[in-house]
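Visitor: Quick one: the structure is below, questions incoming.
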Amino acid sequence: MKKNIIMKKSTFLTGTFITTIGIVLSKVLGALYVVPFHAIIGEKGGALYGYAYTIYNGLLSLSTAGIPLAVSKVVSEYKALGFQKAKAQTLVLGKRVAVILGVSCFAFVFFFAPFLAKIILGDVVGGNTVQDITFVIRVIGIAILIVPLLSVYRGYFEGHRFFGPSSLSQVLEQFIRVLVIIFGSFLFLKVFHFDLTNCVAVALFGATVGALCSYAYLFLKKSKNEKKFQASYYSVNEPIIVNKVIIKKIFYYAIPFVFIDLFKSFYGYTDMVTLVKFLVKKASFSPGDAETIYSIFSTWAQKFNMIILAISSGIIVSLIPNLTECMVKEERKQIHKKIIQGLNILLYLTIPLTLGISFLAKPIWILFYGNSVYGPNILSYYIFIGLFVGLFSFVVIVLQTLKDFKAVFFSLSVGVLLKVFFNNKFLLAFVHMRFPAYYGAITATIIGYFVSFIICLIVFQKKYSISFESVIKNFIDVMCCSIFMVVCLVVVKFFLPFYSKVRVHNVWIIIIYGIVGMFAYFGSSTLCGLTEKVFGKKVLDRIRKKIFFKKLS
């Protein structure tokens, strides 16, 4: 029985919980490995790792960003129409497209790696070299040959609402990757005594190994459960759909997703090519300190943002096929309902989590990375980027699903232009105000995403007549409960230490503060009726029955 549980189809809320849990688990694994990894490679290695991954994420935007959601959308569309052959064609053609994109992007990164490395460093010397950066960029590029194929299979599963295998594949991919990163980098640096560059290269190769294992898992899962993919509640006279039509659909749905991720990558690119140079030349930081700060931006603090983003990703992955099916059936009320419900869940979960991590930035940083001059200060502010990226990602992908590409591109363009325009200006302004200069780069990013988010909400309201009255009311309640949570944590500070210089002691500090925060937030939100308004009485009653039944049994 246990083998088939994971292959059950899911409703929107169930799918949201399954995908969110799977993505959160994979992101938690991605956050936990940085503790030993940071101890092995240090800040200089973290900057080198960050350079390669920033390039890699941009290439993933071109080769895979739109594929899983596009394949999911096409498959769910044909599934709603009862077209079995068209679904199988979509998988085959999706794999062909993935191979072409993967090979093309790999060729680009391999041949242009030296050029990219020179752009990153400019004339700054004293840290990593152009040769070091060129080598690690080429190593991470190998993963691009595998990940596009993997993304096609994930989209195929999600289009059938089999969210379990897709989520588990992400956990498996991250788990294998983490093993390679930790043990590979340790063996190369501490046992075989290779240099730092080779150590980072092995860690980056973990992305390739993890993707291969995850791909193998989904391939076998599909082969063993073929009948479940062919199951249909009704039979139809399926028309012949030529390959050209399906490929057009895949690209039609994928390209906006590609632009979404590509535009997001521009935020990281802007910091990559400006931050280190500005800190050295204008803010009087040493090259070593400047690269340390960049490594915090690109690698170490970024890991905590991914936990926030995992929640929005889980909601989005579950929402797309459900929204698509409603559009095919022309169920306008259900479309509005699911958008409002998804946004309410997102606000309910991400706002208190963001504030909690920001409040506990110092003990969290010491636990993960040890004492740091810059780390806790950056994390306490940087974590808010995750909140705004998550909110923006949700609304812009919903707009894309509604095929409002003009609004998508407009909101993306305005956000990126604001980031590029304000980045150096805010860096300089914060220097003049005698605040940490790097806060300027964070502020520019937050403004870019926030303005893009507001533009999308205005489009929803004016063009689609979607009322956000309930969202605004719930947002006020979420903020009140979140502020109450923070007040409770401040009170606890009078009775318990807030952090310890001994790393392991911070575990208990974070656990105690975390439990207090959870009880304060979920308790107050339940008492004021917010939880029921967000998730619905039926869902809460179902959860209560399960908990009550387990206690009795």
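The values are calculated or read from the model by the stated rules, or taken from the named source; none is laboratory data. Everything numeric in this text was worked out from a predicted model, so none of it was measured. With ideal geometry, Cβ positions are generated from the backbone for all residues, glycine too; neighbour counts draw on all protein chains shown.
Visitor: For residues in the range 124-165 being touching a Gly at 6+ places or on another chain (Cβ under 8 Å) and not in a helix (DSSP H, G or I), which is surrounded by the fewest Cβ atoms within 10 Å (Cβ to Cβ)?
Guide: It comes out as GLY126.
Residues are listed down the side, and each one gets a yes or a no for (1) modelled with pLDDT of 65 or more; (2) of a type in the set (Asp, Glu); (3) surrounded by 20 or more Cβ atoms within 10 Å (Cβ to Cβ):
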| position | (1), (2), (3) |
| --- | --- |
| THR16 | no, no, yes |
| VAL35 | yes, no, no |
| ALA39 | yes, no, no |
| LYS44 | yes, no, no |
| TYR49 | yes, no, yes |
| ALA52 | yes, no, yes |
| LEU60 | yes, no, yes |
| THR64 | yes, no, yes |
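Visitor: Within the range 113-131, can one find any residue that is among the aromatic types (Phe, Trp, Tyr) and over 30 Å from VAL398 (Cα atoms)?
Guide: Checked the range 113-131: at least one residue is among the aromatic types (Phe, Trp, Tyr) and over 30 Å from VAL398 (Cα atoms).
Visitor: Let me ask something else about it. Quick one: which residue in ILE119, ILE100, ILE142 is under 27 Å from ILE255 (Cβ atoms), free of Cβ contacts under 8 Å to residues at least 24 places away in the same chain and of a type in the set (A, V, I, L, M)?
Guide: None of the other options fit; the residue is ILE100.
Visitor: Looking at the range 186-195, is at least one residue within 17 Å of ALA143 (Cβ to Cβ), crowded, with 20+ Cβ neighbours inside 10 Å and either in contact with a helix residue (DSSP H, G or I) (Cβ under 8 Å, 6 or more places away or on another chain) or touching a residue at least 12 places away in the same chain (Cβ under 8 Å) (or both)?
Guide: no
Visitor: So, one more: Being among the aromatic types (Phe, Trp, Tyr), out of contact with any helix residue (DSSP H, G or I) (no Cβ under 6 Å at 6 or more places or on another chain), surrounded by 11 or more Cβ atoms within 10 Å (Cβ to Cβ) and under 30 Å from TRP365 (Cβ atoms) is the filter here; which residues of the range 454-501 pass it?
Guide: PHE498
Visitor: Next question. State yes or no: is CYS481 in contact with a Pro (Cβ under 8 Å, 6 or more places away or on another chain) and closer than 23 Å to THR354 by Cβ?
Guide: Yes.
Visitor: Here is a further query. Has the range 278-287 got any residue that is of a type in the set (Lys, Arg) and crowded, with 20+ Cβ neighbours inside 10 Å?
Guide: no
Visitor: Determine, yes or no, whether ILE340 is out of contact with any Asp or Glu (no Cβ under 8 Å at 6 or more places or on another chain), farther than 19 Å from ILE383 by Cα and buried (at least 24 other Cβ atoms within 10 Å of the Cβ).
Guide: no
Visitor: So, one more: Which one of these is modelled with pLDDT of 80 or more, hydroxyl-bearing (Ser, Thr, Tyr) and more than 22 Å from MET479 (Cα to Cα): TYR521, TYR513, TYR499?
Guide: TYR499
Visitor: Take the residues in the range 291-330 that are more than 14 Å from the chain's Cα centre (by Cα) and within 28 Å of ALA361 (Cα to Cα), then tell me which one is modelled with the lowest pLDDT.
Guide: TRP300
Visitor: Quick check on my filter: what residues within the range 49-102 are among the polar types (S, T, N, Q), within 30 Å of ARG138 (Cα to Cα) and assigned to a helix (DSSP H, G or I)?
Guide: THR54, ASN57, SER61, SER63
Visitor: While we're looking at this one, here's another question. Might you let me know whether the range 402-420 holds any residue that is within 30 Å of GLY523 (Cβ to Cβ) and touching a helix residue (DSSP H, G or I) at 6+ places or on another chain (Cβ under 7 Å)?
Guide: No - not one qualifying residue is present in the range 402-420.
Visitor: Taking the condition of being at pLDDT 95 or above, aliphatic (A, V, I, L, M) and over 25 Å from GLN461 (Cα atoms), how many residues in the range 430-449 meet it?
Guide: Total meeting the criteria: 3.
Visitor: Are there any pairs with C-beta distances below 6 angstrom linking a residue in the range 488-504 that is part of a loop (DSSP other than H, G, I, E, B) to a residue that is of a type in the set (D, E, K, R) and at pLDDT 90 or above, with the two at least 6 apart or on different chains, and if so which?
Guide: Cβ pairs passing all conditions: TYR499/LYS362.
Visitor: Something else: Evaluate the range 466-479: report whether one residue or more is closer than 17 Å to THR350 by Cβ, part of a helix (DSSP H, G or I) and without any contact (Cβ under 8 Å) to a residue 40 or more places away in the chain.
Guide: Within the range 466-479, one or more residues are closer than 17 Å to THR350 by Cβ, part of a helix (DSSP H, G or I) and without any contact (Cβ under 8 Å) to a residue 40 or more places away in the chain.
Visitor: Out of VAL459, VAL507, VAL486, report the one residue that is under 27 Å from ILE397 (Cβ atoms), touching a Leu at 6+ places or on another chain (Cβ under 7 Å) and at pLDDT 90 or above.
Guide: Only one candidate qualifies: VAL459.
Visitor: Considering (1) over 15 Å from ALA47 (Cβ atoms); (2) modelled with pLDDT under 90, say which one PHE110 fails and leave the rest.
Guide: (2)
Visitor: Scan the range 126-135 and tell me whether some residue there is at pLDDT 90 or above and either acidic (Asp, Glu) or farther than 23 Å from ALA203 by Cβ (or both).
Guide: yes
Visitor: Looking at THR354, is it among the β-branched types (Val, Ile, Thr) and surrounded by 23 or more Cβ atoms within 10 Å (Cβ to Cβ)?
Guide: no
Visitor: Moving on to the next point. Output the qualifying pairs, or none if there are none: Cβ atoms under 7 angstrom, residues six or more apart or on different chains, first residue in the range 41-62 and under 24 Å from PHE251 (Cα atoms) and of a type in the set (A, V, I, L, M), second residue assigned to a helix (DSSP H, G or I) and at pLDDT below 85.
Guide: Partner pairs satisfying both residue conditions: LEU62/VAL258; LEU62/LEU262.
Visitor: Further question: Is it true that VAL373 is out of contact with any Lys or Arg (no Cβ under 9 Å at 6 or more places or on another chain), part of a loop (DSSP other than H, G, I, E, B) and either in contact (Cβ under 8 Å) with a residue 40 or more places away in the chain or more than 18 Å from ILE510 (Cβ to Cβ) (or both)?
Guide: Spelling it out, VAL373 is indeed out of contact with any Lys or Arg (no Cβ under 9 Å at 6 or more places or on another chain), part of a loop (DSSP other than H, G, I, E, B) and either in contact (Cβ under 8 Å) with a residue 40 or more places away in the chain or more than 18 Å from ILE510 (Cβ to Cβ) (or both).
Visitor: Against the conditions (1) over 22 Å from the mean Cα position of the chain (by Cα); (2) surrounded by 18 or more Cβ atoms within 10 Å (Cβ to Cβ); (3) assigned to a helix (DSSP H, G or I), where does THR443 fall short? Just the number, please.
Guide: Unmet condition: (1).
Visitor: Which of the residues belonging to the range 398-422 are in a loop (DSSP other than H, G, I, E, B) and surrounded by fewer than 18 Cβ atoms within 10 Å (Cβ to Cβ)?
Guide: LYS403
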